[in-house]
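Presented below is the structure to which this report refers.
The values are calculated or read from the model by the stated rules, or taken from the named source; none is laboratory data. The structure displayed is predicted, hence computed values, not measured ones. Heads up, the Cβs are rebuilt from the backbone with ideal geometry, glycines too, and the neighbour counts pull from every protein chain shown.
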Amino acid sequence: MKRNLFLMSFGIGAMFLAANHAHAQTRNCAAHETVVERLAVRYGESRQSIGLGADNSVIEVFASTDTGTWTITMTRPGGPTCLVAAGQAFQHLNEALPNVDQGT
């Protein structure tokens, strides 16, 4: 009985989180051109890096070297661009790979 109650509460919680995530995405998504323009005009951010996710989503990092603000966006194939995360204190790093030689 306790196990069933736990599983039901877990399922309800998961549905609540999924609904909130879906609702949040619709508020933070727009056409790619619109997102890029807003980040440039409002925050002075430009694209610093880009990559392809496992599900073929395009992941981009925008940042301002003047203000230190940064934003990560995700664009699914054929979909709008959505904000994933944003913050402050952006720093550009170009670090070398660490020496992982085992000395054999």
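Between a first residue in segment 31-48 that is within 17 Å of Gly78 (Cα to Cα) and a second residue that is of a type in the set (D, E, K, R) and not in a helix (DSSP H, G or I), which pairs have beta carbons less than 8 Å apart while being 6 or more apart in sequence or on different chains?
So the pair list comes out as Val36/Arg47.
Across segment 68-82, what is the number of residues that are modelled with pLDDT of 95 or more, more than 12 Å from Leu39 (Cα to Cα) and in a loop (DSSP other than H, G, I, E, B)?
Total satisfying the criteria: 2.
Find the residue count for segment 55-104, including only residues that are within 15 Å of the chain's Cα centre (by Cα) and of a type in the set (Ser, Thr, Tyr).
6
At pLDDT 95 or above and not in a loop (DSSP other than H, G, I, E, B) - does that describe any residue in segment 10-24? Break it down stepwise before answering.
To start, the set of residues in segment 10-24 that are at pLDDT 95 or above comprises none.
So far as segment 10-24 goes, no, none of its residues is at pLDDT 95 or above and not in a loop (DSSP other than H, G, I, E, B).
For every residue, the table says whether it meets (1) in contact with a Leu (Cβ under 8 Å, 6 or more places away or on another chain); (2) closer than 15 Å to Ser46 by Cβ.
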| site | (1), (2) |
| --- | --- |
| Asp66 | no, yes |
| Thr69 | no, yes |
| Ile72 | yes, yes |
| Arg76 | no, no |
| Cys82 | no, no |
| Gly87 | no, no |
| His92 | no, yes |
| Glu95 | no, no |
| Val100 | no, no |
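Table: residues versus (1) surrounded by 16 or more Cβ atoms within 10 Å (Cβ to Cβ); (2) among the small types (Gly, Ala, Ser).
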position: Cys29; (1), (2): yes, no
position: Thr34; (1), (2): no, no
position: Arg38; (1), (2): no, no
position: Ser49; (1), (2): no, yes
position: Asp55; (1), (2): no, no
position: Val61; (1), (2): yes, no
position: Asp66; (1), (2): no, no
position: Leu83; (1), (2): yes, no
